[in-house]
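Structure, as structure tokens:
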Amino acid sequence: MAGFETTSALIGNALWLLLDHPDQCDRVAADRKLLASAAEEALRLEAPIQQVRRRAATDMTLAGQEIRAGQQIVLMIAAANRDPQAYPDPDLYLPGRTGRPVQSFGGGLHHCLGAWVARMEAEIALGTVLDGPRPRLCIDRPGWRALHNQRRMTNLPVQV
């Protein structure tokens, strides 16, 4: 699931969010230093990977729930990225947001080695779109692929 699939989903999701929020799109177009943050907000709001599975190494209590060593758990990245205690106004797309890092690329031993490349590609793609005539969305909401683990659109029709 790494590499092309997730990066192309990130770019598409970021483009949709940017074009669906014209005020934020104008801000990013006027201040290119916000490009990286625009991509990061897309990672937070519409993470290409929505969940990961792990096995507990030891017995533990997590959020009041007993977890036994060897038990499989599902960590919901999408929920963590919208935690209102971590991100004020978590459902808003706000390039320039500061605070906790997004959970979309995992952490620690499981941190994605290609995270920096995906971020760079998304930033370049968004900047390239903003360099030309501004595309206009042709739909209110995109269709999403019916995948339990990935968040990516079936298509994103635009008009230039």
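The apolar share of the surface of the range 40-95, taken as the fraction of accessible area on carbon and sulfur atoms (1.4 Å probe, ligands and nucleic acids excluded), comes to 53 percent. The charge dipole of the chain, taken about its Cα centre with unit charges on the Cβ of Lys, Arg, Asp and Glu (plus for the first two, minus for the last two), comes to roughly 340 debye.
Karplus-derived 3J(HN,Hα) values for the range 26-43, using 6.51 cos²θ - 1.76 cosθ + 1.60 with θ = phi - 60°, are 4, 4, 5, 4, 7, 10, 5, 5, 8, 4, 4, 5, 5, 5, 5, 5, 5, 4 Hz; glycine and proline are entered as x.
Angle, helix 115-131 long axis vs. longest principal axis of the chain, Cα atoms, 0 to 90°, nearest 10? Tilt relative to the chain: about 20 degrees. Entry comment: accessible area of the range 55-97 is 66 Å² per residue, from protein heavy atoms only and a probe of 1.4 Å. Computed from Cα positions, the angle between helix 4-20 and the longest principal axis of the chain comes to roughly 50 degrees.
Looking at the range 32-115, the trypsin sites (Lys or Arg not before Pro) that sit in a DSSP loop and have at most 16 other Cβ atoms within 10 Å of their own Cβ are Arg68, Arg82. The mean sequence distance of close C-alpha pairs (under 8 Å, at least 6 residues apart), as a share of the length of the chain, puts its relative contact order at 29 percent.
The values are calculated or read from the model by the stated rules, or taken from the named source; none is laboratory data. Not measured: the values here are computed from a predicted model. Here the Cβ is made from the backbone with ideal geometry for all residues, glycine too, and neighbour counts use every protein chain on show. SASA here: full protein model, heavy atoms, side chains in, ligands and nucleic acids out. Shrake-Rupley method; radii C 1.70, N 1.55, O 1.52, S 1.80 Å.
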